[in-house]
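In what follows, a structure is listed as C-alpha cells, so that the remarks can point back to it.
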Amino acid sequence: MADVDLRKLRYFVAVAERLHFGRAAQALHIAQPVLSRQIKALEDELKAQLFVRDKRATELTPAGRQLLADAGPLLASADALRRRVARAARGPASFTIGFMPGLIVTAAVRALAALHPQLTVNVLRTSWDDQTDVLHDGRADVSYVRLPADQSGLQVRALLAEPRVAVLPAGHRLAGKDTIAIADLAGEHLLQDPGAVPEWRDIATDMRTRRRRSVPVFRTVEEKLEHVAAGHGIVVLPLSTAVFCTRPDVTYSHVSDIPPNQVCLAWTPPGTVGSSRTTPPSPQTTCP
C-alpha cells in the first residue's frame with residue numbers, strides 16, 4: 001500500500017466532519033471537483049470506499065469511520081513534528097504556556113523566566129475546544145485546563161477549584177441575587193452543551209419537553225456573553241471567567257448547589273508526541 005498522503009487525509013477529514021463536499025471545499029478554499037478527485041484518489045490508494053453519496057446525503061462507510069478515528073492523532077502528530085522542527089530551527093529555546101479564559105498566568109510566566117533566563121516564554125489563550133489539543137499538537141508545552149477535559153496521554157496536576165456562576169442578562173428576574181440554586185434556572189434556556197451542567201440538564205424544562213432550541217457553536221466566551229446580553233439565554237461559567245469578562249449588560253449569581261470548576265496544569269510526558277523537549281523546565285508553578 002502506498003504511503004498515506006497527509007494532504008488527502010486533511011481533505012478527507014474536512015468532508016467527514018461536515019458530511020458535505022460543497023461546504024468542505026469552501027472551507028478548504030478549493031473547487032469541489034478537485035476535492036472529489038482527491039477523495040477518490042485516497043479511496044483508490046486505501047482500496048476502500050470512504051463515503052456513500054446520493055442526491056440527499058453524504059455518509060461515512062465503516063472504513064470511513066475508522067479512518068476518521070485514526071486521522072486525528074496522525075495529523076496531530078504531523079503538526080507536532082513540524083512545530084518541533086521549526087522550534088529547533090529557530091535556535092533559542094522557547095516555552096509556551098496555554099491558559100483558559102479567566103485564568104491569570106503572569107506569576108508562573110515570571111517565575112519560569114527567572115528560573116530559566118535562556119527561555120523565551122510565550123503564552124497562548126485556549127478554549128474548551130482546544131485546551132488539550134494545544135499540548136498534543138505541540139503549540140503549548142504546558143496548559144492550564146479546566147475540567148472536564150480529555151486527559152488521554154497527559155500528565156495532570158490539580159491546582160484549584162472555583163465556584164461557578166450563572167451569567168444572566170441585566171434585568172433578568174434573578175439579577176441582583178448573590179446566590180441562587182440550580183432549580184431557579186430550570187425554566188431557562190442554556191446556551192451551552194447541557195453535559196457541561198448536568199445538574200441543570202436533569203431538571204430543565206427544555207430537556208423534558210423535547211422542544212429545546214439548538215445551540216450554536218460558540219468559540220469564545222465573548223460570543224456567549226453577546227447572546228446572554230441579547231436575552232437569548234444564560235450560561236454557567238467559572239467565577240474567574242465571569243469576573244474577567246465583566247460587562248454592564250450582564251450580571252452573575254453564584255449557584256450554590258453545583259460542584260466547583262476544577263483547574264489543573266497539564267502537559268505531555270517527556271518524549272511523547274507533542275512534547276517539545278525531553279527534560280522540560282519544572283518550576284514550582286503557583287495557582288493563577
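The values are calculated or read from the model by the stated rules, or taken from the named source; none is laboratory data. The model shown is predicted, which means the values in this text are computed figures rather than measured ones. Please note that ligands, DNA and RNA were not included when accessible areas were found on the heavy atoms of the full protein model with its side chains. Shrake-Rupley method; radii C 1.70, N 1.55, O 1.52, S 1.80 Å.
Just how many % of Cα pairs in the range 12-54 lie over 15 Å apart, if you round to the nearest whole percent? Write down the numbers at each step before the final one.
Details: 323 of 903 pairs.
Looking at the range 12-54, the distances longer than 15 Å represent 36 percent of pairs.
Computing the accessible area with a 1.4 Å probe over protein heavy atoms, can you report the carbon and sulfur percentage for the chain?
On the way: 8430 of 15460 Å².
The computed percentage sits at 55.
Strictly greater than 19 Å: what percent of every Cα pair in the range 1-157 meets that?
Numbers: 7845 of 12246 pairs.
So the portion of pairs separated by more than 19 Å is 64 percent.
Once all Cα-Cα distances of the chain are split into 10 Å bins that start at 0, what whole-number percent is in each one?
So the P(r) values, bin by bin, are 6, 22, 25, 25, 18, 4, 0.
Tell me, what does the Kirkwood hydrodynamic radius of the range 157-208 come to in angstroms if you use every pair of distinct C-alpha atoms?
On the way: mean 1/r = 0.0800 Å⁻¹.
Evaluated on the range 157-208, it is 12.5 Å.
To check you understand DSSP bridge types, tell me what percent of the beta bridges within the range 95-247 (both residues inside) are antiparallel, rounded to 5. Please list the in-between numbers first.
Details: 4 of 13 bridges.
Approximately 30 percent, going by the DSSP bridge assignments.
Taking only protein heavy atoms into account and a 1.4 Å probe, give the accessible area per residue of the range 116-175 in Å². Walk me through the numbers before you get to the answer.
Values: 2730 Å² over 60 residues.
Heavy-atom SASA per residue in the range 116-175 reads 46 Å².
Tell me the volume per residue, in Å³, of the convex hull enclosing the alpha carbons of the range 103-248. Mind dumping the intermediate values first?
Working: hull volume 21.1 nm³, N = 146.
For the range 103-248, the hull spanned by Cα atoms encloses 145 Å³ per residue.
For the range 37-86, take the alpha-carbon Rg, divide it by the Kirkwood Rh, and send me Rg/Rh. Let's see the in-between values first.
On the way: Rg = 14.0 Å, Rh = 12.5 Å.
In the range 37-86, Rg relative to Rh is 1.12.
Give, to the nearest whole percent, the P(r) tail of the range 23-109 beyond 18 angstrom, counting all Cα pairs. Intermediate results must be reported in sequence, preceding the final value.
Numbers: 2508 of 3741 pairs.
In whole percent, the long-distance tail amounts to 67.
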